[in-house]
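All remarks here apply to the structure that follows.
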Amino acid sequence: KQEVTQIPAALSVPEGENLVLNCSFTDSAIYNLQWFRQDPGKGLTSLLLIQSSQREQTSGRLNASLDKSSGRSTLYIAASQPGDSATYLCAVNNSGYALNFGKGTSLLVTP
Amino acid sequence: NAGVTQTPKFRILKIGQSMTLQCTQDMNHNYMYWYRQDPGMGLKLIYYSVGAGITDKGEVPNGYNVSRSTTEDFPLRLELAAPSQTSVYFCASRSRGQSGEQYFGPGTRLTVT
């Protein structure tokens, strides 16, 4: 059974810092990996989708990398802003249909 | 496009009552899903569907039922609600194929007392 772990569980940084969120998974036979953002009391917003054949994807200040062989992905956020404060979820697709989610990293960016 | 919509946004049920959570998507996606999210936990899959008329159980299906009569709609039925079903429920969809991006609805917050 695929296990997805996100470290750290919570993170607080001052505005302007670059930061890295980590995601690890136990079964490297994946189709893709998706990073989501969740604001309190809200739904999930897709940030980046990395296919198994890709090494990284970029969108604005966000860069996600994937190392299938080691079972790791990172989400890099450049020049963090208070508006980046949210919970970030990593989800792995290794069945071809549903996602396996980590428990998330709660990020607080302070002014 | 509205994407994935869910109703209601909030609901309080008494133990033993029943209700249906509605989910509709307007992206013509074949795959639809129901997840639940408990505090401090990741999302867990309840049921999914790969197309109209086809549904299958996920990780935590007990106490729930689904149907998929059209491509657009995927309702989740709770029979005999229990406090353990207090959770936030998310519906999601994606296009055909094994590598598509999943899109989520805004969620339904359900409390069973």
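The values are calculated or read from the model by the stated rules, or taken from the named source; none is laboratory data. Just so you know, these numbers come straight off a predicted model, no measurement behind them. Cβ coordinates were reconstructed from backbone atoms using ideal geometry, including for glycine residues, and neighbour counts include every protein chain displayed.
Answer with yes or no whether B:Thr71 is closer than 20 Å to B:Thr5 by Cβ and more than 9 Å from every other protein chain (Cβ to nearest Cβ).
Details: closer than 20 Å to B:Thr5 by Cβ: yes; more than 9 Å from every other protein chain (Cβ to nearest Cβ): yes.
Considered against the rule, which asks whether it is closer than 20 Å to B:Thr5 by Cβ and more than 9 Å from every other protein chain (Cβ to nearest Cβ), B:Thr71 comes out as yes.
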| Do we find a residue being assigned to a strand (DSSP E or B), surrounded by fewer than 19 Cβ atoms within 10 Å (Cβ to Cβ), facing chain B (nearest Cβ under 9 Å) and in contact with a strand residue (DSSP E or B) (Cβ under 6 Å, 6 or more places away or on another chain) anywhere in region A:50-66? | yes
| field | Subset of region A:81-100 [surrounded by fewer than 23 Cβ atoms within 10 Å (Cβ to Cβ), in contact (Cβ under 8 Å) with a residue 40 or more places away in the chain and closer than 17 Å to A:Leu48 by Cα] | value | A:Ala86, A:Thr87, A:Tyr88, A:Asn94
| B:Gly42 passes all but one of (1) under 21 Å from A:Gln38 (Cα atoms); (2) in contact with a helix residue (DSSP H, G or I) (Cβ under 8 Å, 6 or more places away or on another chain); (3) small (Gly, Ala, Ser); which number fails? | (2)
| note | Restricted to region B:78-88 and to residues being within 22 Å of A:Leu44 (Cα to Cα) and in a strand (DSSP E or B), the residue farthest from the other protein chains (Cβ to nearest Cβ) is B:Ser87
| task | Evaluate the following for B:Glu72: is it surrounded by fewer than 16 Cβ atoms within 10 Å (Cβ to Cβ) and over 20 Å from A:Leu47 (Cβ atoms)? | result | no
| field | Top-ranked residue in region A:20-49 [being more than 14 Å from chain B (Cβ to nearest Cβ) and either crowded, with 17+ Cβ neighbours inside 10 Å or modelled with pLDDT under 95 (or both); ranked as farthest from B:Asp38 (Cα to Cα)] | value | A:Ser28
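Just to be sure I understand, how many residues within region B:64-81 are small (Gly, Ala, Ser) and more than 15 Å from B:Leu110 (Cβ to Cβ)? Even if it seems obvious, please write down each step before you answer.
Going through region B:64-81, the residues small (Gly, Ala, Ser) turn out to be B:67, B:69, B:81.
Checking which are more than 15 Å from B:Leu110 (Cβ to Cβ) leaves us with B:67, B:69.
The total comes to 2.
Only one of B:Ile12, B:Ile54 is on the phi < 0 side of the Ramachandran plot, surrounded by fewer than 20 Cβ atoms within 10 Å (Cβ to Cβ), more than 14 Å from chain A (Cβ to nearest Cβ) and touching a residue at least 12 places away in the same chain (Cβ under 8 Å). Can you tell me which? It would help to see each step written out before you state the result.
Numbers: B:Ile54 fails: more than 14 Å from chain A (Cβ to nearest Cβ).
From the options B:Ile12, B:Ile54, the qualifying one is B:Ile12.
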| remark: A:Ser85 fails exactly one of (1) away from chain B (no Cβ under 11 Å); (2) over 30 Å from B:Cys23 (Cα atoms); (3) polar (S, T, N, Q), namely (2)
| said: I'm trying to understand the selection: among the residues of region B:89-113, which are within 12 Å of chain A (Cβ to nearest Cβ) and under 12 Å from B:Ile12 (Cα atoms)? | reply: B:Thr108, B:Arg109
